[in-house]
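The values are calculated or read from the model by the stated rules, or taken from the named source; none is laboratory data. Treat the numbers as computed from the prediction; the structure is a model and nothing was measured. Ideal geometry is used to build each Cβ from the backbone, glycine not excepted, and the neighbour counts take in all protein chains shown. Side chains included, ligands, DNA and RNA excluded: accessible areas come from the protein's heavy atoms. Shrake-Rupley method; radii C 1.70, N 1.55, O 1.52, S 1.80 Å.
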Amino acid sequence: MDAALTEEINRLTSLGLHRRCVEGALERVAALTLEINRLKKTRNAVICAHVYQTPDIILGIGDLVGDSYKLADDCRKTAADEIVFCGVHFMAETAKILNPDRKVYVPSKNAGCSLSEAITAADVRALKAEHPGLPVVTYINTSADVKAESDCIVTSANAEKILRKMYAEHDKVIFIPDRFMGANLAKALGKTPGKDIILWKGTCVVHEHFKPELIDVYRKKHPGLVALAHAECPSELIRAVDFMGGTGDMMRYVENSNAAAFLLVTECGFGELAKLRFPDKNFIAMCRLCPYMKSITLESVLALLKDPAPEEVTVPPLIAARAKVAIDKMFELAA
Ligand code: SF4
């Protein structure tokens, strides 16, 4: 076997990736990661990997790894000429808005998002006309067009903090597009949907389907279990768990807790990553796959690096400039 391939297999093994590969699969993964990492250097490209990607992408080729907020923040500081975004399209648009002089690519045409697709710029303009004077606080899972109509962007990592600051200046806000996250935040802030916070009807196809009654089943089966759920889950589910937050918050919670077992109620890639990061902790599976995130594979990243032009992400300059004002407001208020 080629010495470089052997070295790559050893590197992936040291990261724990052999534990998720069937017989012979690690060699195939290593051949792909080796070629991708070589091409990445040649092109001076950086690979952003969202925590919902598979571990072979996150650990094998990812340079910047994290949730939407961390990736958006990290992208601003990269010196690379090109950004390959292993995440969904709205995240790559955000990277492009923050890095107008760099080429940004997504290695899949199917990397959409049900939340992002739930609302258009025209919908936001209609909401603003219906509720004149209210600030529009927008979850980052939206298109650049929608961000351009917004006053401030938030992520699950900073939404509560930013909304508190918004409420210091306003009695009422518009929060789009996730109705479950909006309702969960309203509860945490002591606000009433419809009265203090205007919500939209968007949902995440992954998080909306978790069943709250299953949490008790798991608790009975695994004494000492701590249940953590993403803020995009319905309120009945959130009432049944011990902790609600974004993926960054959930990872920190796991790191700092000695609980007997962790139930991670979110996309499956996050649980896989947690298991590799904390091999001595006990994780119970209650997860669902995001079809958009999982449309990206090592093969699609390699194909992109060989011929990136068809996958370039662009944002019209006027839209980008307006969206950037709302994104910058997030960085200011989240600081
Ligand atoms: S998990 Fe949900 S919110 Fe995240 S990209 Fe998939 S559909 Fe969108």
Inset, instruction - With an 8 Å cut-off on Cα pairs and a minimum separation of 6 or more residues, tell me the relative contact order of the range 50-149 in percent. - result: 23
Inset, instruction - Considering Cα pairs under 8 angstrom that are at least six residues apart, work out the relative contact order of the chain and quote it in whole percent. - result: 21
Inset, instruction - Could you size up the charge dipole of the chain around its Cα centre, putting +1 on the beta carbon of Lys and Arg and -1 on that of Asp and Glu, and report it in debye to the nearest 20? - result: 520
Inset, instruction - For the chain, give the share of DSSP beta bridges that are antiparallel, in percent and rounded to the nearest 5; count only bridges with both residues there. - result: 5
Legend entry - Rounded to the nearest 10 Å², the accessible area of D56 at probe 1.4 Å: 30
Legend entry - Accessible surface, the range 204-335, averaged per residue in Å² (probe 1.4 Å): 47
Inset, instruction - Take the cross-link list K211/K329; K77/K294; K70/K275; K103/K275; K109/K191; K70/K165 and give me the ones stretching past 31 Å between alpha-carbons. - result: K211/K329; K103/K275; K109/K191
Inset, instruction - Distance between Cα centroids, the range 193-261 to the range 121-185: provide it in whole Å. - result: 22
Inset, instruction - Any cysteines in the chain with zero other Cys Cβ atoms under 4.7 Å from their Cβ? List them, or say none. - result: C21, C48, C75, C86, C113, C152, C204, C233, C290
Legend entry - Residue-wise HN-Hα coupling along the range 182-198, computed from phi with Karplus coefficients 6.51, -1.76, 1.60 (Hz; x: Gly, Pro): x, 5, 5, 5, 4, 4, 4, 9, x, 10, 10, x, x, 9, 9, 9, 8
Inset, instruction - Among L115, L59, L15, determine the one that fluctuates most according to a GNM of the chain built with springs between C-alpha atoms less than 10 Å apart. - result: L15
Legend entry - Fraction of accessible area attributable to carbon and sulfur, the chain (%, probe 1.4 Å): 52
Legend entry - Nonlocal amide H pairs with I83, under 5 Å, H built at 1.01 Å: V46, K103, V104, Y105
Inset, instruction - Could you state the accessible area per residue of the range 116-203 in Å², with a 1.4 Å probe and every protein chain left in place? - result: 39
Inset, instruction - For F283, list long-range residues whose amide hydrogen, built 1.01 Å from N in the peptide plane, is under 5 Å from its own amide hydrogen. - result: F262
Legend entry - L318/A126 FRET efficiency (R0 30 Å; Cβ-Cβ; nearest 0.05): 0.90
Legend entry - Choice from Y105, Y292, Y218 showing the highest fluctuation, given a GNM over the chain with Cα pairs closer than 10 Å: Y218
Legend entry - Estimated vicinal HN-Hα couplings, Hz - the range 33-48 in sequence order (Karplus 6.51, -1.76, 1.60; Gly, Pro = x): 5, 4, 5, 4, 5, 5, 4, 4, 5, 4, 8, 6, 9, 10, 10, 8
Legend entry - the range 66-146: trypsin sites (Lys or Arg not before Pro) falling in loop per DSSP and having at most 16 other Cβ within 10 Å: R76, K77, K109
Legend entry - ³J(HN,Hα) computed for each position of the range 57-62 - Karplus, 6.51 cos²θ - 1.76 cosθ + 1.60, integer Hz, glycine/proline x: 6, 4, 8, x, 9, x
Inset, instruction - Enumerate the amide H contacts of V65 below 5 Å, restricted to partners 5 or more residues apart or on another chain; note that Pro and chain-start residues carry no placed amide H. - result: A49
